[in-house]
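**Q** Got a structure for you, questions after.
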Amino acid sequence: MQVVYTPAHLAHDITTETFMGLSIPANEVAERAEKIRDALTADGGFAFVEPTDHGEAPITAVHEPGLVRFLEVAWSEVRRQGIARPFLSADTYPNTAMFEGMSEDAIAALVREPVHAGGRAGFWGLDSAAPLVAGTYLAARGAVDVALTAADLVVAGAPAAYGLCRPPGHHAARSMYGGYCFFNNAAIAAEAIVRSTHEHVAILDVDYHHGNGSQQIFWRRGDVRYVSIHADPDSDYPYFLGRADETGEGDGAGENLNIPLSAGTTDEEYLGAVDQALDAIAETSGSVIVVSLGFDTYGLDPIGTFALTTGVYHEIGRRTAALGRRLVILQEGGYHRPSLGENARAWLRGAEGRSFEPRPAGGFGESGAVAG
Ligand code: SP5
Ligand code: ZN
């Protein structure tokens, strides 16, 4: 399988994030992508390719141009405004209750992008967990090109391609970034595939979190089906979307399927949800599936609560490929760095119909971790 990778992600150099007002070591760090790259290189069965520059048009096909401009200039604005912070995080968000009682027209006239960088981050951002630094925009553009290049390979006939996207994308909505995500790599790829093939496209989102951005972008679309398995939003991010009764509207009615699962979900329970998700995709007419692949479902993940094991990723990859459709597999979350490489290897080998032999216990694919 071809793997699309670019070192551009290293420019999104994150060390801390804010969680409920507290500064904590960042979860979405550069080492994540490097661990996966190392494991796939060591495997020997993957061919690495660099992404090609696809420009801005495929991004604004999905995102509000104002969001793109904000992300492009945000860091220089932080510096120009003399804001002494190691990363940009929002000051104030426009909570809808701020405008309660006002007419839609009055709200539309009032709520506009402010000048202060902390206010602008609130205007475009969902939460405080997507720290923005000097290299964020270049890295996020790189991740989009990774996704689009993987899509190109599959549209050209490859049975599968893996885009090692970083930063991830599925929380980014048309006019919003958040949840470690800036541009929605999977949505941009899905839209590009719809436009080039004129086929229906399905998105299978198996990140631990609900992909609120992907759901929002395709909510009214009849030509893209979004199917997601994730933690129940009653107890997990993004809290306000991801429930089973969200099924789409207009042309998109019935095209959105959310499968929320509870804390402690096991391999067996998760595979049941995978079968349900794949059944919903099998009903659609297209020939390409975009997979939003997260490993924060892993038992040892620091921010997830599921109990999945490495072996089940091989089986999920195998079952997904067994639908007989071509796969654009794009990396989303997954924060237990020692296991990321093995989990990715397991999933991708499963998707290719190759066997998976776990590396020796204690190794997690790290060279030197096994004594001797
Ligand atoms: C792409 C993706 O997986 N985004 C996830 C965004 C999650 N945002 C909430 C992070 C909560 C961090 N909780 C730290 C708990 C430490 N025990
Ligand atoms: Zn996630």
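**Q** Which pairs do you get when a residue that is free of Cβ contacts under 8 Å to residues at least 12 places away in the same chain, found in the stretch 235-252, comes within reach of a residue that is open to solvent by 20 Å² or more (accessible area, probe 1.4 Å), reach meaning Cβ atoms under 9 angstrom, with the pair 6+ apart or on two chains?
**A** 247/253; 247/254; 247/255; 247/257
**Q** What are the residue pairs meeting all of these: first residue in the stretch 153-166, first residue under 16 Å from residue 188 (Cβ atoms), second residue at pLDDT 95 or above and open to solvent by 50 Å² or more (accessible area, probe 1.4 Å), Cβ atoms under 6 Å, and 6 or more apart or on different chains?
**A** What qualifies is 153/2; 154/326; 155/196; 161/2.
**Q** For the stretch 304-341: of the residues being open to solvent by 10 Å² or more (accessible area, probe 1.4 Å), touching a helix residue (DSSP H, G or I) at 6+ places or on another chain (Cβ under 9 Å) and within 15 Å of ligand 2 (Cβ to nearest atom), which is farthest from residue 265 (Cα to Cα)?
**A** Per the stated criteria, the residue is 337.
**Q** Under 13 Å from the mean Cα position of the chain (by Cα) and open to solvent by 10 Å² or more (accessible area, probe 1.4 Å), is that true of residue 209?
**A** Numbers: under 13 Å from the mean Cα position of the chain (by Cα): yes; open to solvent by 10 Å² or more (accessible area, probe 1.4 Å): yes.
Yes, satisfied.
**Q** Let me ask another. Which fully enclosed helices (runs of 4 or more DSSP H) of the stretch 100-198 have 3 or more residues being open to solvent by less than 10 Å² (accessible area, probe 1.4 Å) and within 23 Å of residue 72 (Cβ to Cβ)?
**A** Of the helices (runs of 4 or more DSSP H) lying wholly inside the stretch 100-198, those with at least 3 residues that are open to solvent by less than 10 Å² (accessible area, probe 1.4 Å) and within 23 Å of residue 72 (Cβ to Cβ) span 117-124, 136-155, 185-197.
**Q** Can you say whether residue 45 is among the small types (Gly, Ala, Ser) and either free of Cβ contacts under 8 Å to residues at least 40 places away in the same chain or in a helix (DSSP H, G or I) (or both), as far as the supplied structure shows?
**A** Working: among the small types (Gly, Ala, Ser): yes; either free of Cβ contacts under 8 Å to residues at least 40 places away in the same chain or in a helix (DSSP H, G or I) (or both): no.
No; evaluated as a whole, the condition is false for this residue.
**Q** Something else now. Go through the stretch 176-206 and give me each residue that's under 10 Å from the mean Cα position of the chain (by Cα) and among the hydroxyl-bearing types (Ser, Thr, Tyr).
**A** 180
**Q** Regarding the stretch 87-98, can at least one residue be identified that is closer than 30 Å to residue 54 by Cβ, more than 25 Å from the chain's Cα centre (by Cα) and at pLDDT 95 or above? Quick ask: steps written out before the conclusion?
**A** First, the residues of the stretch 87-98 that are closer than 30 Å to residue 54 by Cβ: 87-90.
Now narrow it down to the ones that are more than 25 Å from the chain's Cα centre (by Cα): none.
There is no residue in the stretch 87-98 that is closer than 30 Å to residue 54 by Cβ, more than 25 Å from the chain's Cα centre (by Cα) and at pLDDT 95 or above.
**Q** Taking the stretch 170-204 as the region of interest, how many residues are within 13 Å of residue 226 (Cβ to Cβ) and within 10 Å of ligand 1 (Cβ to nearest atom)?
**A** 1
**Q** Based on this model, can you work out whether residue 328 counts as under 30 Å from residue 30 (Cβ atoms), within 16 Å of ligand 1 (Cβ to nearest atom) and assigned to a strand (DSSP E or B)? Steps first, please.
**A** On the way: under 30 Å from residue 30 (Cβ atoms): yes; within 16 Å of ligand 1 (Cβ to nearest atom): no; assigned to a strand (DSSP E or B): yes.
When the stated conditions are applied, residue 328 does not pass them.
**Q** Considering the stretch 85-99 alone, what residues qualify as being of a type outside the set (Gly, Ala, Ser), open to solvent by less than 60 Å² (accessible area, probe 1.4 Å) and part of a loop (DSSP other than H, G, I, E, B)?
**A** To start, the set of residues in the stretch 85-99 that are of a type outside the set (Gly, Ala, Ser) comprises 85-88, 91-96, 98-99.
Now restrict to residues that are open to solvent by less than 60 Å² (accessible area, probe 1.4 Å): 87-88, 94, 99.
Within the stretch 85-99, 87, 94 meet the criteria.
The values are calculated or read from the model by the stated rules, or taken from the named source; none is laboratory data. Keep in mind it's a predicted model, so treat the numbers as computed, not measured. Cβ coordinates were reconstructed from backbone atoms using ideal geometry, including for glycine residues, and neighbour counts include every protein chain displayed. Quick note on the areas: whole protein, heavy atoms, side chains included, nothing else; ligands and nucleic acids left out. Shrake-Rupley method; radii C 1.70, N 1.55, O 1.52, S 1.80 Å.
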